[in-house]
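The values are calculated or read from the model by the stated rules, or taken from the named source; none is laboratory data. Please read all numbers here as calculations on a predicted model, not as lab measurements. Here Cβ is always computed from backbone atoms with ideal geometry, including for glycine, and neighbour counts include all displayed protein chains. Please note that ligands, DNA and RNA were not included when accessible areas were found on the heavy atoms of the full protein model with its side chains. Shrake-Rupley method; radii C 1.70, N 1.55, O 1.52, S 1.80 Å.
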Amino acid sequence: MADKVPLPQTGDPALSLTLEGISLKPEKDQLGKRLSEFPWWFVAIILIAVGTAYIIVSNTNYREAFIFITAGLSITIITSLIAYVFALMLGLLTGLGRISRNVVLNNLATLYVELIRGIPMLVLIFFIALVGVPVVVDSINAIGRWFEQAGIPLVGTLLTSVNNQAVSMNVRAIVALSVTYGAFLAEIFRAGIQSIGRGQMEAARSLGMSYGQAMRCIILPQAIRNVLPALGNDFVAMVKDSSLVSLLAVRDISQVARLYAGRSFRFREAYITLSVMYLTMTVSLSLLVRVLERRLRHDR
Amino acid sequence: MRNDQCTGEERDNIIVVKNLHKHFGEVKALNGVNLTVERCKVVTIIGPSGSGKSTLLRCINYLETPTYGEVWIDGELLTRTQKQLNAVRTEIGMVFQLFNLFPHLTVLENVTLAQRIVRKRPLEEARSTAMEQLQRVGIPEKAGAFPAQLSGGQQQRVAIARALAMNPKIMLFDEPTSALDPEMIKEVLDVMLDLAKEGMTMVVVTHEMGFARAAADEIIFMDDGLIVEQTTPYDLFNNPQQERTKLFLSQILHK
Ligand SMILES: Nc1ncnc2c1ncn2[C@@H]1O[C@H](COP(=O)(O)OP(=O)(O)O)[C@@H](O)[C@H]1O
Ligand SMILES: [Mg+2]
């Protein structure tokens, strides 16, 4: 039917082997096919993780590095999670703006997406944290002073009481990641909405639903379902990119690993442990995304 | 069970279309259509592909905004005001060629959703209205199914039930059977015939001549964005006045 949209591509079909258990058929060519399709890379990753885990348990230097770096784990996770939630909201709003027929909203949304996509992420993180946030805070202060002069001291004091020193680097890092990923997620939402056939909106409107009602009850539920895997993949990407906030001296695992290496000169221990920690997080999240993809396909 | 409004002698024009033009860029889909539809009447529209039949139907409920011209529904001139359009569309059911059921909702939810959020009916009332309509189209047992689990004919009947559940004054059908396998056409046409007998005002784009003969009070032949001929089905089939109409009829009747 015209309104059926193909689901986003599922990745490696061979992964089903690791998920559903291996049931090798006796036929020879079948065996050869299975062997060549078997996700050896995944076994290798497991071996690397298990090997590193063993070294961490048995080798005191590695154990020390691991314990030191683990101190940054909660910052990495919390920063990624909070930033992702904000990026989702920002992305949804911007995605809606991108498809809006309102010229102002549409151009604002497009401007934001193009600005973010045109600047390297490293520069963006610095820019948003060290320029963007202070400018916004200064503007809030200015508005607060205006309120005070206008004789509304309550609101005025509230707005002037925010100051740049009070906005910690952790918060700025979250803002920077949210704003950056908001633009990426906006494009995912936009593509998802556009993947839903025109007939759905028309049927909804012909029943008297407003644009907002049709969007909320008919278009978005289908669109979001279609892009869930893409959204999941971008969460994995964000976990990795959260390492950039270490440049703002936020004590995530990258930052504490750098501190550890600089202090102890045990570069191998620090960076092998750090890499495996990221890998463990991203590979297990990717697996979750793939399981989700299969679920969605089966539900059809 | 005739519609109460169909009993009197005097019947007003529930749809009035005046000098309607619709352009899509260079393409002129409608070139000055005038049409009146009396309450309780059934009008069918035939014509070659691309002649503007769908566009006319979609301008009647402003799914397409006309480039020029007026549409009056039940005495009210349509404007671009969203609030007015939402209210007017609530009174006009529309059935599409490709059904356009909401695939993420069950059949029952398809039929209750707009009743709930547009008509603001309480859940119980919306459910019982929905079941009534599903009963009428003959598939109450599919209430819990998803659209993808239904045949084309069943999906189209659900789409009709979904529109009827809003208690519209007018029903628009855009080639409701042309996407169906031949063996499913009858079950949909039967529902439409019943509806016509009950006195629903209907505008139906279709090439099902059997339906036109049996149910239509008037039949319209369109070509090039214009109404070429408008008369009773009997006269159109037996005594077409225009050459274009004759040509078209000879093409579709000898298929
Ligand atoms: N959304 C649209 N954008 C551009 N052209 C359109 C659109 N809808 C219809 N048309 C054009 O308008 C003309 C009439 O179309 P339509 O009303 O769908 O004809 P019919 O339903 O009689 O086959 C055709 O030439 C078609 O290509
Ligand atoms: Mg058409």
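Of the residues contained in region B:69-82, one or more are found to be within 9 Å of chain A (Cβ to nearest Cβ) and either closer than 21 Å to A:Met209 by Cβ or hydroxyl-bearing (Ser, Thr, Tyr) (or both). Quick one: would you say A:Val85 is among the β-branched types (Val, Ile, Thr), modelled with pLDDT of 95 or more and farther than 30 Å from A:Ser161 by Cα? In short, no. Candidates B:Val37, B:Val42: the one that is touching a helix residue (DSSP H, G or I) at 6+ places or on another chain (Cβ under 6 Å) and at pLDDT 95 or above is B:Val42. Pairing residues of region B:43-62 that are on the phi < 0 side of the Ramachandran plot with residues that are of a type in the set (Ser, Thr, Tyr) and more than 11 Å from ligand 2 (Cβ to nearest atom), at Cβ distances under 8 Å and at least 6 apart in sequence or on separate chains, gives B:Cys59/B:Thr65; B:Asn61/A:Ser206. A search for C-beta distances below 8 Å between a residue of region B:196-222 that is within 13 Å of ligand 1 (Cβ to nearest atom) and any residue that is of a type in the set (A, V, I, L, M) and open to solvent by 10 Å² or more (accessible area, probe 1.4 Å), counting only pairs 6+ apart in sequence or on different chains, returns B:Val204/B:Ala216; B:His207/B:Ile252; B:Ile220/B:Ile227; B:Phe221/B:Ile227; B:Phe221/B:Val228; B:Met222/B:Val228. Considering region B:84-119, and only residues there that are assigned to a helix (DSSP H, G or I) and more than 15 Å from A:Met209 (Cα to Cα), the residue that is farthest from ligand 2 (Cβ to nearest atom) turns out to be B:Leu108. Of all residues in region A:266-300, those satisfying the criterion of being open to solvent by 70 Å² or more (accessible area, probe 1.4 Å) and over 19 Å from A:Gly72 (Cα atoms) are A:Leu288, A:Arg295, A:Arg297, A:His298, A:Asp299, A:Arg300. Which one is nearest to ligand 1 (Cβ to nearest atom), of the residues in region B:172-188 that are within 11 Å of chain A (Cβ to nearest Cβ) and open to solvent by less than 30 Å² (accessible area, probe 1.4 Å)? Residue satisfying both the conditions and the ranking: B:Asp174. Going by the structure shown, is B:Met166 in a loop (DSSP other than H, G, I, E, B), under 16 Å from B:Thr90 (Cα atoms) and among the hydrophobic types (A, V, I, L, M, F, W, C)? Answer is yes for this residue.
Counting only helices (runs of 4 or more DSSP H) that sit completely within region A:210-291, those holding 1 or more residues that are under 18 Å from the mean Cα position of the chain (by Cα) correspond to A:220-241, A:253-264.
Can you confirm whether region B:24-36 contains a residue that is within 14 Å of ligand 1 (Cβ to nearest atom), exposed (fewer than 14 other Cβ atoms within 10 Å of the Cβ), in contact (Cβ under 8 Å) with a residue 12 or more places away in the chain and not acidic (Asp, Glu)? No, every residue in region B:24-36 fails to be within 14 Å of ligand 1 (Cβ to nearest atom), exposed (fewer than 14 other Cβ atoms within 10 Å of the Cβ), in contact (Cβ under 8 Å) with a residue 12 or more places away in the chain and not acidic (Asp, Glu).
A quick yes/no check of all residues on (1) more than 13 Å from ligand 2 (Cβ to nearest atom); (2) within 18 Å of B:Asp223 (Cβ to Cβ):
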| residue | (1), (2) |
| --- | --- |
| B:Thr44 | yes, yes |
| B:Gly47 | no, yes |
| B:Ser54 | no, yes |
| B:Ile60 | yes, no |
| B:Glu64 | no, no |
| B:Trp72 | yes, no |
| B:Gly75 | yes, no |
| B:Leu78 | yes, no |
| B:Thr81 | yes, no |
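Checked against (1) away from chain A (no Cβ under 14 Å); (2) within 16 Å of ligand 2 (Cβ to nearest atom); (3) outside any loop (DSSP other than H, G, I, E, B), B:Val203 meets all criteria but (1). Within region B:140-169, the residues that satisfy the criterion of being aliphatic (A, V, I, L, M) and either buried (at least 22 other Cβ atoms within 10 Å of the Cβ) or within 16 Å of ligand 2 (Cβ to nearest atom) (or both) are B:Val158, B:Ala159, B:Ile160, B:Ala161, B:Ala163, B:Leu164, B:Ala165, B:Met166.
Of A:Leu220, A:Leu207, all but one fail to be within 30 Å of B:Pro147 (Cβ to Cβ), buried (at least 21 other Cβ atoms within 10 Å of the Cβ) and within 13 Å of chain B (Cβ to nearest Cβ); the exception is A:Leu207.
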